[in-house]
Amino acid sequence: MQRVFAFIRPCVIGMIMAVGLFMFRENMDMTDISVALKSVIVALIILLIMPLYKKLTKKKISAIPLIVLGAILGIAINFIM
């Protein structure tokens, strides 16, 4: 069973990366620079929080709280800007 999972994991990672790159390319057409700026701000905040969380708790943060945090930050920044 472990061998099956060893082959499935790279496939799943590849699919996730392909979808991420597709979404990035579709959403970063640079016709509206404010959208790109908001995305960069959210990404930078999350990238700053990740090592800070690891330093404080000695654990990696799970992807689910990062997704929720990204959604909350996106909504908040959308109202501010």
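For the chain, which whole-number percentage of the solvent-accessible area (1.4 Å probe, protein heavy atoms only) is attributable to carbon and sulfur atoms? Accessible surface attributable to carbon and sulfur in the chain totals 76 percent.
Take every Cα pair under 8 Å whose residues are at least 6 apart in sequence, average their separation, divide by the length of the chain, and the relative contact order is 25 percent. About its Cα centre, the dipole of the chain is roughly 680 debye, where the only charges are +1 on Lys and Arg Cβ and -1 on Asp and Glu Cβ.
The values are calculated or read from the model by the stated rules, or taken from the named source; none is laboratory data. Remember, it's a predicted structure, so these values are computed and weren't measured experimentally. Reconstructed Cβ throughout: ideal geometry from the backbone, glycine too, with neighbour counts over all protein chains shown. Just so you know, the surface numbers come from the protein's heavy atoms only, side chains and all, with ligands and any DNA or RNA stripped out. Shrake-Rupley method; radii C 1.70, N 1.55, O 1.52, S 1.80 Å.
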